[in-house]
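Below is one structure, written out as structure tokens; comments come after it.
The values are calculated or read from the model by the stated rules, or taken from the named source; none is laboratory data. Since we're looking at a predicted model, the values are computed, not measured. Here the Cβ positions follow ideal geometry from the backbone for every residue, glycine too, while neighbour counts run over all protein chains shown. Each accessible area value is taken on the protein alone, full model and side chains, heavy atoms only, with ligands, DNA and RNA left out. Shrake-Rupley method; radii C 1.70, N 1.55, O 1.52, S 1.80 Å.
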Amino acid sequence: NPASTGAFGAARSGGRIHAGCDLYWTPDGGLAYQASYHPYNDNLPVYAVADGTITGFSYFYQGTYALVVDHGDFTVRYGEVDGTLPGGLDVGSPVSAGQQIATLGDLTMSSGAWSMLHFELYSNDAQGALTNTSNWSYLNVPDANYQRRADLMDCGPFLRNLLP
């Protein structure tokens with residue numbers, strides 16, 4: 001939901017702008033994540049949105065990891081996942097659309113454990129590290145303090161197009 005604190009472009013501390021979409025199940029249609037949602041999201045599988053190749057897997061945030069998959073026409077950083085990839089997957093492994101590629105991790109927060117998928121989308125029109133704390137200029141979104149690679153895209157329209 002564009003009004004959610006987990007939506008692309010939402011304000012973050014220090015003037016940073018949220019560079020992804022946070023995805024999670026809610027039992028009540030709530031917009032902002034609540035610690036009570038953890039049981040609905042704990043250990044949920046994460047599936048590839050398209051065929052691709054794993055190009056990165058590393059520590060991300062608050063006890064979670066990020067899996068980077070180059071899907072050809074675009075790259076996705078599947079963030080806030082568990083530190084173990086399923087089925088022998090590793091950097092360099094091919095993945096298929098719909099294949100389980102990760103499991104949601106547990107964010108270690110002062111309010112308790114949280115589980116959600118942080119989904120970042122890139123057009124593959126730039127190269128280099130996905131996180132760039134000094135970049136404020138972007139090809140696909142308004143210039144702002146996203147602190148990401150220049151080809152960052154708004155993941156909201158992409159994700160809505162996946163819905164039936």
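Before moving on, here are some points about what is shown:
- With the cut-off at under 16 Å, measuring from each backbone N in segment 59-88 to a point 7 Å along the Cα-to-Cβ line of residue 42 picks out 82.
- The length gained by stretching the chain between residue 31 and residue 50 to full extension, at 0.36 nm per residue less their Cα-Cα distance, is 4.2 nm.
- Tensor-based shape of segment 121-164 (alpha-carbon gyration tensor, a/c under 1.5 rounded, otherwise prolate or oblate): prolate
- In the context of the full set of protein chains, the chain has a per residue accessible area of 50 Å² (1.4 Å probe).
- Among 99-105, 76-82, 20-26, 43-49, sorting by the average number of other beta carbon atoms lying within 10 angstrom of each residue, highest first, gives 76-82, 99-105, 20-26, 43-49.
- Share of carbon and sulfur in the accessible heavy-atom surface of segment 2-134 [1.4 Å probe, %]: 51 percent
- Cα-based shape type of segment 1-41, given that a ≥ b ≥ c are square roots of the gyration tensor eigenvalues and the cut on a/c is 1.5: prolate
- Computed over the chain, the per-residue total of -39500 (n - 2.57) for DSSP H runs of n ≥ 4 gives a 222 nm mean residue ellipticity of -1500 deg cm²/dmol, rounded to 500.
- The chain: C-alpha gyration tensor shape, a/c 1.5 cut-off, then a/b vs b/c: rounded
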